[in-house]
Amino acid sequence: MLPMILSAFERDSAILSAHLRTPTPYLEVLETAAAVATTDLRDVRSEMRKRGIKVYEQNRLNTGIEAKFICRGYHERMLLLNDIVAAQAAIHMRRYLGLDISSFKSYEEQYQIK
């Protein structure tokens, strides 16, 4: 999801710089958000290596994103549905941009998991 967020920030930066008279303040916010997301991506990849997880294939399907990965020697498959990916990406983007995300419930809160 983080690579998709970084791509969205890059795309939005290009659009803003082309269509605004004074894009600099907006671009600085996006650049700062992208830098934090890049750091998070590096940390996630490092943690995955430590835990023996390797994603070896990703495919975009009509229903979502399919990822095939190896975890401790076992080959597994995961499907992330488009609606869920879009909702989670929007929440993460808001957080990276410094916006309040307290109105969004966590998975545990939403489904009352203890």
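Toward the positive end of the charge dipole of the chain, about the Cα centre and with charges on Cβ (Lys, Arg +1; Asp, Glu -1), which of L2, V29, G52 goes farthest?
G52
Over the chain, what is the relative contact order in whole percent, taking alpha-carbon pairs under 8 Å and six or more residues apart? Before the final figure, lay out the partial values.
Details: 99 pairs, mean separation 22.7, N = 114.
After rounding, I find 20 percent.
Please say if the stretch 2-98 is rounded, prolate or oblate, where rounded means a/c under 1.5 for a ≥ b ≥ c the square roots of the C-alpha gyration tensor eigenvalues, and otherwise the choice is prolate for a/b larger than b/c and oblate otherwise? Each step should come with its number before you reach the end.
Values: a/c = 2.98, a/b = 1.86, b/c = 1.60.
Note, shape of the stretch 2-98 comes out prolate.
Using the alpha-carbon atoms, what tilt in degrees (0 to 90, nearest 10) does helix 24-50 show relative to the longest principal axis of the chain?
It works out to around 10 degrees.
How big is the gap, in Å, between the Cα center of the stretch 64-114 and the Cα center of the stretch 1-49?
For the stretch 64-114 versus the stretch 1-49, the Cα centre distance is 18 Å.
Angle check, please: helix 2-19 long axis (alpha carbons) against the longest principal axis of the chain (alpha carbons), in degrees 0 to 90, nearest 10.
Taking Cα atoms only, the helix is inclined about 20 degrees.
FYI, it's all coordinate maths here, none of it is from the lab. Note that the structure is a prediction, hence the values are computed from the model and not measured. Glycine gets a Cβ as well: all are built from the backbone with ideal geometry, and neighbour counts include every protein chain shown.
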